[in-house]
Every structure is written in C-alpha cells, then in structure tokens.
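A short worksheet on the structure shown next.
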Amino acid sequence: MAKDWYLISQENWDITGGDLSPADDFSSILNEGIGESVELWESNLKSHKTIVGVIQNSVGDTTLKTMSRVLLTPIGTCKAGMYIQYKDIFWLITGFVDNNTMYEKSILTMCTYKLTWIDRNNNIVERWANITSASQYNNGETGNKYYYVRSNQLLVWLPDDEDCLRLDSGFRFIIDKRTGLYDKEIPDGITDKTDFPLMTYMLTRADSVIYSFQSTGTTLFIFSQDEQRSYDGYHNGYWVCGTVDQSSEAVPERITIQSDSDEIYDGLDPVEFTAFFYDSNGSVIDGVPLWTIEGNNKDLLIVHESGVKISIAANDIRLIGSKFKLTVSSDNYPSTTVEFSVVSFM
Amino acid sequence: MSIDMSTKELGVFKDSINKALFADKDIITFLCGDTTGKKQSEVIVIYKKHVKSHLFVEDTLQDSDSYIFYDVTLPNVDSQIKQYVIYMYLVCSRNVIDDISNYAGYIGNRADLLAQLVEHALILDEDVANKFGIGKLQLQSVDIYNAKDVCGRILTFTGYAYR
C-alpha cells in the first residue's frame with residue numbers, strides 16, 4: 001500500500017472534533033507501522049538522534065528521482081541543512097521545511113561524496129555533499145597549443161553551517177572515489193602518502209543565499225577542477241588537499257642551482273648554472289637571482305649573467321685546481337650555494 | 001728568486017694539445033661521431049676514450065676505432081733553452097682503417113685523415129701553434145706505425161721553450 005494514501009485508523013481519525021490535534025494524530029500513526037526509523041544528524045555531523053518518519057518517493061522512475069526523497073516527520077523535527085541517514089545513506093535536507101499543521105515535509109537530496117578539508121584553523125572538517133556536474137557536456141580539458149588542463153566543474157550542495165559558510169575561493173578538495181581503493185593499498189603505520197593520482201578541485205564560486213531560509217538553509221558552490229599538487233593525498237587518515245596557505249597562497253620557498261657539471265675545464269666552453277625558484281607548492285616560478293662567487297682568483301674567471309643563468313668559464317692555468325663557491329640569493333628566499341672547481345682538460 | 005723547473009711545460013703543453021684537439025670540430029666528429037645535442041661534459045667523456053696523454057701499448061685496445069696517443073719529451077735542456085718533442089701516435093684498428101677514404105676535404109685512410117686533421121689543428125691554426133714556447137710548433141716527421149691489429153701514423157713535433 002502506498003504510504004501517500006495510507007488510511008489513518010478510525011480511532012485516530014479525529015481531526016474534526018476529538019481531543020487530539022492533527023499533529024498528535026500524525027505522531028500516533030507513525031507508531032502504527034507506517035513510520036521508519038532514521039537517523040537525524042546535525043549539519044556538523046557531530047551528533048545525531050533516531051527519529052521516526054515517513055519516507056516517500058522511494059521507488060522513483062528515473063535516475064534523478066531515485067536520488068531524492070520526501071520525509072514526513074512530526075512538526076519541529078527537521079531543518080534544512082541537517083542530514084538524514086536512511087538505509088546507510090546520508091541525505092541532505094535541501095528544501096525549506098514547512099508543515100501543514102499535521103506533519104512537516106522535508107525534501108531530501110542524496111549525498112554522493114563526503115568532502116574533507118582543512119579549515120583556516122587547521123582543523124579537519126567533513127561534510128556529506130550532493131555533487132552534480134556543472135559542466136555536463138564539457139570534454140574536461142581546456143586546450144592550449146602545447147598542453148591541456150582539466151576543466152571540469154561541479155555543483156556542490158552543502159549545509160550552510162558556519163564551517164561551510166567560511167569556505168572561500170581557493171579552498172581545494174579531493175573529490176575522487178578512488179580514495180576508497182587507495183585506502184586498501186596504504187600499509188599500516190603509514191600516515192602520509194601523496195603519490196596516488198587524484199582528482200582535485202578548487203572552490204571558485206560560492207552562493208550562500210540562493211537556498212538561505214534565513215535561520216536555516218543550504219549553500220551552493222562551484223568547484224573547478226585543477227591539477228594535483230605535491231601535498232594532496234593521504235594524511236593521518238584523511239584525504240585532503242593542502243591548507244589554503246599551502247595550496248592557493250603559495251609563497252617563495254627555495255632556490256636550486258642546476259648545471260651540467262661542477263667542474264669547469266680550463267680553456268673549454270663555459271659551464272652554465274641555472275637558478276630555479278620554487279614556491280611552497282613546489283612550482284617553478286619567476287625570480288631574479290643575485291649571484292656571488294667566492295674563492296681565490298675569482299676575478300680570473302670569465303663570467304656572464306643572463307636572466308636566471310650564469311655561465312662561468314676559465315682560461316688561465318693559474319685557475320687549475322681552484323675551488324669556488326657559487327651562491328644565489330633573492331628577496332624572500334634563503335640563499336643556496338654550490339661548489340665548483342676548475343680542472344685541467346688533461 | 002725562484003727558478004722555473006725544466007719540466008713545467010710537460011703538463012702545460014699536454015693541456016694545450018688536448019684543448020687544441022678538442023676545439024677542432026672535425027677531429028671531434030671523426031673520433032666521437034655526431035655530437036649534435038650532446039652536452040660538453042658528455043662529449044668530453046667520449047673524447048677522453050679516444051685521446052690519451054701517453055703512448056700506445058699494443059694489445060690494449062678493445063674497440064675497433066681510431067685513437068690519438070701522445071706524449072712530450074725534453075731531449076735537450078741547456079742553461080737557457082730547452083727543446084721539446086711531441087710524439088703523437090694516430091692509431092686505428094685494422095678492422096676500420098680503410099672504411100673511409102675522405103673526410104673534411106682530405107683524402108686517405110683513417111690514419112692518413114687523422115694525421116691531416118691533427119696537423120691542421122696544431123700547425124695551421126696560428127693561435128694554437130704559437131702556444132708552444134718560442135716560435136711556432138714544427139712538424140718534424142711523419143712515420144708509419146705498424147703492428148699486428150693496429151696501424152697508423154706517428155707525427156713528431158718539435159719546438160723550443162725558455163728554460
């Protein structure tokens with residue numbers, strides 16, 4: 001029998017003149033077998049309680065309908081932004097919860113992924129989210145002549161609690177069901193692992209008022225796919241991207257010096273040293289090097305600087321056997337030093 | 001006041017010879033093959049397999065290839081001037097010596113070609129020839145080197161330097 005058309009028993013059919021209110025009638029009929037026990041979770045997923053309600057639309061005819069439910073509960077039970085755990089699946093209460101004096105109706109939207117992020121206070125935050133495509137017919141790449149970057153976009157539906165409202169552009173997330181597979185591959189005792197390929201996304205748009213019901217509500221976000229970065233991966237039981245500081249607000253971190261050789265042959269071609277500037281994400285960025293050379297007879301060296309490169313040659317037998325220190329420094333970077341020597345071609 | 005040692009040019013001349021040969025692109029290609037796109041440090045490794053600053057000893061070559069062996073002597077040292085002699089063995093495996101007959105505008109087998117390339121690098125290049133003591137480096141003789149598995153040329157250069 002469809003629960004929508006369930007006939008209330010005669011003794012409880014008392015709306016038109018009995019002592020019980022319609023709401024009392026609804027509460028009493030829930031105990032007649034029509035109700036189901038579900039878990040009602042606060043939006044922060046920190047506490048929950050068991051409630052009894054009527055789940056409707058359980059047998060949808062389309063894929064999208066199977067991901068939506070209606071929950072009837074006694075008035076004052078649910079609020080938008082809370083979660084319902086029903087059949088071991090988390091559902092987000094997305095619509096405004098109102099009542100008809102007999103019961104209240106909540107619109108449930110199936111959650112498809114549990115988001116995890118590190119907030120600005122370095123706390124781990126977890127929320128179940130309904131995630132749908134915001135670029136359904138995009139091919140997933142943005143082309144350039146020489147490379148492609150991922151360009152998928154997702155519409156992410158979350159509660160509008162404080163943690164979610166504080167999400168801002170630049171926050172990054174791992175949204176990848178493969179993490180469930182990777183969990184099985186991580187040996188016991190390993191707390192950090194970042195070499196799994198992962199789909200990562202960056203929050204690029206937040207709409208906190210479209211589904212704001214003043215004191216309750218939900219928030220919509222657009223996440224744009226970006227490239228996996230060095231920190232992204234498994235850390236202490238969570239699959240998270242770097243913090244905002246680590247990922248979106250990269251800062252100068254180090255300089256390296258690379259060259260073909262640390263030996264300069266007297267009388268031959270110069271050896272070229274190149275400075276590479278890295279930010280805190282591990283990306284190579286632009287920089288202006290300041291080179292210094294230390295060592296005896298350094299003035300005999302033939303030095304030419306160009307951009308991030310310095311070429312050094314020797315053409316004087318007095319230099320043979322000499323050792324030098326080449327240091328590169330730049331604003332906001334710690335300096336880096338390498339050693340080289342001048343050798344005979346013999 | 002210190003007095004310069006008589007033997008000081010031995011190493012300096014060898015270094016100059018090495019640099020002059022390495023600077024000659026035809027010699028590099030002849031000995032090392034096509035080095036296009038290779039870094040200098042990579043070419044040096046190949047070059048040093050083919051050019052040695054000591055004389056050749058038979059039965060020590062493992063590859064069928066061409067090699068340059070050289071050394072410097074000081075046969076006469078007087079109070080003011082010393083004579084030096086550079087012996088240069090241009091040695092080729094018999095397996096490959098006749099596999100080409102011309103190169104870089106020169107004609108001959110591998111040893112002949114190598115002799116002409118070396119003469120060009122050390123004598124015809126004025127800047128190089130003037131780096132060996134007093135006056136220019138002189139090519140004194142060109143001989144044959146003939147052994148069981150290898151053959152080639154022996155070039156003898158002479159020059160003078162202040163003691």
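Quick rundown of the values:
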| quantity | calculated |
| --- | --- |
| Residue that is of a type in the set (S, T, N, Q), away from chain B (no Cβ under 14 Å), under 30 Å from B:HIS50 (Cβ atoms) and surrounded by 13 or more Cβ atoms within 10 Å (Cβ to Cβ), where the choices are A:SER344, A:SER322, A:SER283 | A:SER322 |
| Qualifying residue in the range B:28-51 (condition: touching a strand residue (DSSP E or B) at 6+ places or on another chain (Cβ under 8 Å), within 14 Å of chain A (Cβ to nearest Cβ) and assigned to a loop (DSSP other than H, G, I, E, B)) | no |
| Hits in the range B:4-14 (condition: surrounded by fewer than 21 Cβ atoms within 10 Å (Cβ to Cβ) and either at the interface with chain A (Cβ under 7 Å from one of its Cβ atoms) or of a type in the set (Phe, Trp, Tyr) (or both)) | B:GLY11, B:VAL12, B:LYS14 |
| Extreme residue, nearest to A:TYR201 (Cα to Cα), among residues of the range A:171-186 that are basic (Lys, Arg) and not in a loop (DSSP other than H, G, I, E, B) | A:ARG172 |
| Candidates B:LEU55, B:LEU74 - the one that is in contact with a Phe, Trp or Tyr (Cβ under 7 Å, 6 or more places away or on another chain), surrounded by 15 or more Cβ atoms within 10 Å (Cβ to Cβ), away from chain A (no Cβ under 14 Å) and not in a helix (DSSP H, G or I) | B:LEU74 |
| Where a residue in the range B:51-62 is farther than 13 Å from B:LYS148 by Cβ and its partner, wherever it lies, is part of a loop (DSSP other than H, G, I, E, B) and at pLDDT below 90, with Cβ under 8 Å and at least six apart | B:SER53/A:MET346 |
| Residue within the range A:197-214 that is hydroxyl-bearing (Ser, Thr, Tyr) and within 14 Å of chain B (Cβ to nearest Cβ) present | no |
| Residue ranges of strands (runs of 3 or more DSSP E) in the range A:231-288 with at least 1 members among the hydrophobic types (A, V, I, L, M, F, W, C) and at pLDDT 90 or above | A:238-240, A:252-259, A:263-265, A:271-279 |
| A:ASP188 without any contact (Cβ under 8 Å) to a residue 40 or more places away in the chain, more than 18 Å from A:ILE118 (Cβ to Cβ) and either under 17 Å from the mean Cα position of the chain (by Cα) or surrounded by 14 or more Cβ atoms within 10 Å (Cβ to Cβ) (or both) | no |
| Search result, residues across the range B:103-149 that are under 19 Å from A:GLY267 (Cβ atoms), in contact with a Leu (Cβ under 9 Å, 6 or more places away or on another chain) and either at pLDDT below 85 or in a loop (DSSP other than H, G, I, E, B) (or both) | B:VAL128, B:ALA129, B:ASN130, B:LYS131, B:PHE132 |
| Boolean, B:ASP63 is over 19 Å from B:TYR87 (Cα atoms), assigned to a helix (DSSP H, G or I) and more than 14 Å from chain A (Cβ to nearest Cβ) | no |
| Conditions (1) among the hydrophobic types (A, V, I, L, M, F, W, C); (2) assigned to a strand (DSSP E or B); (3) buried (at least 21 other Cβ atoms within 10 Å of the Cβ); number of the one not met by B:VAL85 | (3) |
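The values are calculated or read from the model by the stated rules, or taken from the named source; none is laboratory data. Since we're looking at a predicted model, the values are computed, not measured. Neighbour counts are summed over all protein chains in view; Cβ atoms, including those assigned to glycine, are modelled from backbone coordinates with ideal geometry.
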